[in-house]
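Read through the structure below, which is laid out as structure tokens, and then see the notes.
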Amino acid sequence: MLLCSLLLFAATCFQEVYATYDRKFPAGFKLGPTQVGVHIKQVEFSMELNPPPMMNEEPGGVFLRLGLSRDSDGKEDFPDLIQSAAAHETKQAVCGGQKTDWCLAAVEYHSQSAWEQIVGETVAWPGGTLKIEYYEDFKAWTWNQTITDPRTDKMLSHLATPLHPRNMAMRSIETAVAMLDCANPVVNAHSYHDIKITLSSPDPEFARTGRGYNCTFDVPVTTDNGRTWLVRSINMKEVGNGHPTC
């Protein structure tokens with residue numbers, strides 16, 4: 001059921017990776033991997049969300065994210081994902097939201113131990129601008145995620161998870177629109193802005209790894225020979241047609 005495949009943020013079945021029946025990714029962008037020996041230390045960006053789709057299908061849901069991964073092409077066993085996400089389904093029961101709201105949460109997938117995950121606070125969100133940050137804290141030995149409302153500086157969701165071999169040395173950022181369990185609603189265009197990526201050491205060729213589909217994006221730029229990179233915008237196009245796919 002969808003509530004175990006998409007939206008039970010607070011439990012261990014926020015399974016966007018393995019939806020119950022079906023999953024499709026009609027739009028996405030990837031930047032990475034970094035050169036061998038270089039990893040991502042910090043990412044900061046703004047996410048601009050339009051109102052969620054009108055969901056008629058049940059089960060079925062939509063999941064939007066810009067996250068971090070060690071292996072953006074799936075050539076290795078699936079590592080953990082660091083990702084603050086917006087999700088939507090018919091009932092919005094998890095975050096107590098309405099049909100006009102997204103459910104937001106900071107999430108880390110654990111790709112072992114039955115695909116469990118750790119989840120931060122969940123909150124209903126009607127749309128607008130969000131500030132999101134991911135960073136490694138080697139003093140506390142944690143990955144940290146925060147979702148903030150930039151209008152009020154109120155922290156909406158926070159998650160700190162221990163560093164371990166499955167979530168260290170992240171090498172890619174990825175955006176995705178995921179349609180789960182036959183859902184195919186019209187998902188409004190949304191965008192990410194001022195994506196600042198800090199690497200552990202310079203990677204002058206990092207910009208060459210950018211690619212996407214059903215999206216447009218600015219070419220990454222650097223002013224310090226590849227230690228930090230800035231992507232001005234990633235614009236995800238409207239997808240879906242309102243007709244279930246199965």
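So if we plug the beta-carbon distance of GLU48 and LYS91 into 1/(1 + (r/R0)^6) with R0 = 22 Å, what FRET efficiency do we get, rounded to 0.05?
After rounding, the FRET efficiency stands at 0.30.
Would you calculate the separation in nanometres between label points at ARG232 and ASN188, each defined as 7 Å from the Cα along the Cα-to-beta-carbon direction?
Taking the simple label geometry, ARG232 and ASN188 are separated by 2.4 nm.
Given a Förster radius of 51 Å and the C-beta distance between ARG208 and ASP153 as r, what FRET efficiency does 1/(1 + (r/R0)^6) yield to the nearest 0.05?
0.90
Through the Karplus equation 6.51 cos²θ - 1.76 cosθ + 1.60, θ set to phi - 60°, convert the phi angles of region 95-108 into ³J(HN,Hα) values in whole Hz; use x for Gly and Pro.
9, x, x, 9, 5, 8, 10, 8, 9, 10, 6, 8, 9, 10
What nm distance separates the two modelled labels at VAL221 and ASP137, each placed 7 Å from Cα along Cα→Cβ?
Placing both labels 7 Å along Cα→Cβ, they lie 3.3 nm apart.
List, in order, the whole-Hz ³J(HN,Hα) value for each residue of region 195-201 obtained from phi through the Karplus relation with A = 6.51, B = -1.76, C = 1.60 and θ = phi - 60°; use x for Gly and Pro.
Per residue, the Karplus-derived 3J(HN,Hα) values read 7, 9, 10, 10, 9, 5, 7 Hz.
With 24 Å as the limit, write out which pairs from LYS91/LYS196; LYS24/LYS99; LYS91/LYS131; LYS30/LYS131 have Cα-Cα distances beyond it, or answer none.
Long pairs (Cα-Cα over 24 Å): LYS91/LYS196; LYS91/LYS131.
Throughout, read-outs are computed from the coordinates displayed, never taken from laboratory work. Quantities reported herein were computed from a predicted structural model and do not represent experimental measurements. Heads up, the Cβs are rebuilt from the backbone with ideal geometry, glycines too, and the neighbour counts pull from every protein chain shown.
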